[in-house]
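Before any comments, here is the structure.
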Amino acid sequence: MTWIIKRRFPIVAAIIIILASVVSVTLILKKNASDSSSESKGRVVNINSITPMNKDTSKDNILSPENKFKLPEEAFELHYDAVVVDSHNDFLYQIVKRNADFAKENTFTQTGLPRLIKGGVRVQFFALWIPPENFADSKEYVLNEINILNSLAKNNSAQFEIAKSFKDVENILKQNKLAGLIGIEGGTAIENNIDNLDEFYSLGVRYISLTWNNSNNIASSAADEEMGKVTGLTDFGKKVIQRMNSLGILVDVSHLGEKSFWDVAAISDKPLIASHSCSYTLNPVKRNLTDEQIKAIAKSGGVVMINFHSTFLKKDAKKKISLANKVYSKELKSIFNKYGDDLIKYNEERYNFLQTNRPSENTATLDDLIEQIEYIIKLVGVEYVGLGSDYDGGIQPPFDLYDGTCYPMITKRLAEKGYSELEIRNILGLNFLRVFKSL
């Protein structure tokens, strides 16, 4: 039939061929659009299984990712594709003291496994904090918390696994699980025995905050130095630093007094981290870091992880307010019920809603967190800042970062600010992983 048409009616034949080509191209475009839509849905979180649905990353170098997304339009897609690292979370204390359930969204906690996964967190450091009433048996308290964390991993093995090395993190991410890491908040856990560091390392501890608010036999804290109790780093503390450096345990300077900080900076030969701190210049409180301290951390090759606590982020921030999930509980639940099966759409709608429904004055918001991040970028560079929320550690987070599901809004705002995909990935987690890989 085609031969007859070509032979007798060349013009008709040409028209038919053109029409066939148009139909073919249209079908191809529709297929590509469908495939693109499927790929986009593959980057969101499946709420029913509470499992990250990212593509196979088995061949990816997580520290050298490719550009994939158009920003700021695809900021939420970027977020769920990125390796988001949070260097400080106190959920273990909520288990010990309040019997929180890691596998559920407790009404009295800010995180837990479901919220962290919905928030796109891929690597979470869990802090082993020792309350004052347990200072006398600090090591025993910490060992108990490690046992609890290992039990959480065993009971949630399909979604959560403990890492001890950068290679472990890579392998866990390839399995689409949340990678858990261990940090000790307070050097009192070392007690008077330097060899306890070896035991902690063997159990997976990869950073230690030398002090909490209390000074100890290692160094003086920021809280005590502000009151004139300045000792700096002790002789025992110097040995602790040297052993931590040799083992591969990061020295965390959050909570450390300024005299102690400079003593540590003078002898440590490994990158320093601040697991949950902010800028003193933006908000002059004792727990925050001066410009010179931030520069010293960057010079060491380390990283400053921004704390989400309102009174650290914003000067004169109100200490007690109702957060967005309480003020707009009905509206936010409605948005989730409508779009929750697609977290890209859900986050878009939630973000837009919260941008048009603002809190009262002197209330910390996402903008204050971004200001802290940008201050450090301008001071030392985009390679030296990250996220260390301190969720579930008694903090009051910003109004619109009310719990662990809210991390995607940080990515969106950074994208709107004009940061590149690589810069955003670095801030979200790759900066910390660079340091972690160096151990």
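The values are calculated or read from the model by the stated rules, or taken from the named source; none is laboratory data. The shown structure was predicted, so the numbers you read here are calculated from the model rather than taken from an experiment. Positions of Cβ are backbone-derived with ideal geometry, glycine not excepted, and every protein chain shown enters the neighbour counts.
Remarks
- Selection status of residue 310, over 13 Å from residue 365 (Cα atoms), buried (at least 20 other Cβ atoms within 10 Å of the Cβ) and within 23 Å of the chain's Cα centre (by Cα): no
- Condition met for residue 306 (touching a Cys at 6+ places or on another chain (Cβ under 7 Å), modelled with pLDDT of 95 or more and among the β-branched types (Val, Ile, Thr)): yes
- Restricting attention to segment 43-96 and to residues that are at negative phi, at pLDDT below 55 and hydrophobic (A, V, I, L, M, F, W, C), the residue that is surrounded by the fewest Cβ atoms within 10 Å (Cβ to Cβ) turns out to be 53.
- Of all residues in segment 340-359, those that are farther than 16 Å from residue 328 by Cα have Cβ atoms under 9 Å from Cβ atoms of residues that are modelled with pLDDT of 95 or more and among the acidic types (Asp, Glu), 6 or more apart or on another chain, in 344/74; 344/77.
- Filter pass, residue 345 being farther than 24 Å from residue 273 by Cα and under 16 Å from the mean Cα position of the chain (by Cα): no
- Any hit, segment 375-393, residues being touching a Ser or Thr at 6+ places or on another chain (Cβ under 6 Å) and aromatic (Phe, Trp, Tyr): yes
- In the set 411, 356, only one residue is surrounded by fewer than 17 Cβ atoms within 10 Å (Cβ to Cβ) and either hydroxyl-bearing (Ser, Thr, Tyr) or under 15 Å from residue 110 (Cβ atoms) (or both); that residue is 356.
- Candidates 182, 194: the one that is modelled with pLDDT of 95 or more and part of a strand (DSSP E or B) is 182.
A quick yes/no check of all residues on (1) more than 19 Å from the chain's Cα centre (by Cα); (2) closer than 26 Å to residue 434 by Cβ; (3) not assigned by TED's automatic domain parsing to the domain that holds residue 432:
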position	(1), (2), (3)
162	no, yes, no
167	no, yes, no
170	no, yes, no
184	no, yes, no
193	yes, no, no
229	yes, no, no
241	yes, yes, no
263	yes, yes, no
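- Residue within segment 151-165 that is closer than 30 Å to residue 265 by Cα, touching a Phe, Trp or Tyr at 6+ places or on another chain (Cβ under 8 Å) and at pLDDT 95 or above present: no
- Looking across segment 205-222, just one residue is outside any loop (DSSP other than H, G, I, E, B), free of Cβ contacts under 8 Å to residues at least 60 places away in the same chain and within 22 Å of the chain's Cα centre (by Cα), and that is 208.
- Note on segment 322-350: among residues that are crowded, with 18+ Cβ neighbours inside 10 Å and among the hydrophobic types (A, V, I, L, M, F, W, C), the one that is nearest to residue 251 (Cα to Cα) is 323.
- Pairs where the first residue, in segment 164-178, is more than 25 Å from residue 247 (Cβ to Cβ) and the second is modelled with pLDDT under 95 and polar (S, T, N, Q), C-beta under 8 Å, 6+ apart: 174/57; 174/58; 176/51; 176/54
- The combined condition, being at positive phi and either outside any helix (DSSP H, G or I) or in contact (Cβ under 8 Å) with a residue 12 or more places away in the chain (or both), is fulfilled by residue 316.
Results for (1) more than 13 Å from the chain's Cα centre (by Cα); (2) closer than 21 Å to residue 254 by Cα; (3) surrounded by fewer than 21 Cβ atoms within 10 Å (Cβ to Cβ), shown as yes or no for each residue.
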| position | (1), (2), (3) |
| --- | --- |
| 105 | yes, no, yes |
| 117 | no, no, no |
| 120 | no, no, no |
| 125 | no, yes, no |
| 128 | yes, yes, no |
| 131 | yes, yes, yes |
| 139 | yes, yes, yes |
| 144 | yes, no, yes |
| 148 | yes, no, yes |
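- Residue count for segment 116-140, restricted to those that are part of a helix (DSSP H, G or I), more than 23 Å from residue 174 (Cβ to Cβ) and in contact with a Ser or Thr (Cβ under 8 Å, 6 or more places away or on another chain): 2.
- Scanning segment 188-208 for residues that are touching a Phe, Trp or Tyr at 6+ places or on another chain (Cβ under 9 Å) and buried (at least 19 other Cβ atoms within 10 Å of the Cβ) gives 188, 189, 190, 206, 207, 208.
- Check on residue 199, without any contact (Cβ under 8 Å) to a residue 24 or more places away in the chain and either on the phi < 0 side of the Ramachandran plot or not in a helix (DSSP H, G or I) (or both): yes
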